[in-house]
Amino acid sequence: QSVTNGTLTITPAPLSLTVANASRVYADPNPAFTGSLVGIRNNDALIAAFSTTATQTSHVGSYPINGSVSGAQFGNYTLTTTAGTLSITPAPLVVTLVGGFYTFGSNPCVVTYSGFKLSDTPASLSGMLSCTLNGAPLPIPAPSGTYVLTPGGLSSIDYAISFVAGTVRVGYNTPPSFLTP
């Protein structure tokens, strides 16, 4: 009688990591990334980690979120990873016309900005600031009168810009204080 020994072949167990999608506003820090790790056996201590190339200064757009797994027993698994997507959305920026009195010959298209992030300034925007009067370009120099002007002409990939109209008065001399809007 003869005995032939057999061989037990242990193959790696399948393990899947699905990275969750995430989003944030331009110039905010990246959120904590998460994912779903399926297929762990024997309560093995495996750790999922997540990374992206997007930094706090990354522009609006979509960036991949990659996942990896580590742990002493990780060699016992075959990993399949599904990347997630980080969506960076525009930050709100409000451009408000500065109302008040302007002398004839000056440009009453003066605005303030609220909402810049990081070290951004008006120079970070595309286009040229302009003001419209009832939808038509404001003539410069503006004729004497009282006007409701709407700023515009600026754009940015990183900002969702809102324009707030204001009332200006254009005249030849500085009016008495009781006439100043």
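The values are calculated or read from the model by the stated rules, or taken from the named source; none is laboratory data. Everything numeric here is computed off the predicted structure, so don't read it as measured data. Here the Cβ is made from the backbone with ideal geometry for all residues, glycine too, and neighbour counts use every protein chain on show. Heads up: the accessible areas ignore ligands, DNA and RNA and are worked out on the full protein's heavy atoms, side chains in. Shrake-Rupley method; radii C 1.70, N 1.55, O 1.52, S 1.80 Å.
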Cβ-Cβ distance below 9 Å, separation of 6 or more or different chains: which pairs start in the stretch 92-107 with a residue that is on the phi > 0 side of the Ramachandran plot and end on one that is not in a loop (DSSP other than H, G, I, E, B)?
100/166; 100/167; 100/168; 100/169; 105/170
Which of (1) open to solvent by 60 Å² or more (accessible area, probe 1.4 Å); (2) small (Gly, Ala, Ser); (3) free of Cβ contacts under 8 Å to residues at least 24 places away in the same chain is the odd one out, the single condition residue 136 does not satisfy?
(1)
Residues of the stretch 77-113 being closer than 30 Å to residue 11 by Cα and under 31 Å from the mean Cα position of the chain (by Cα), in sequence order, are 80, 81, 82, 83, 84
Filter result (under 21 Å from the mean Cα position of the chain (by Cα) and loosely packed, with under 13 Cβ neighbours inside 10 Å) within the stretch 139-161:
155, 157
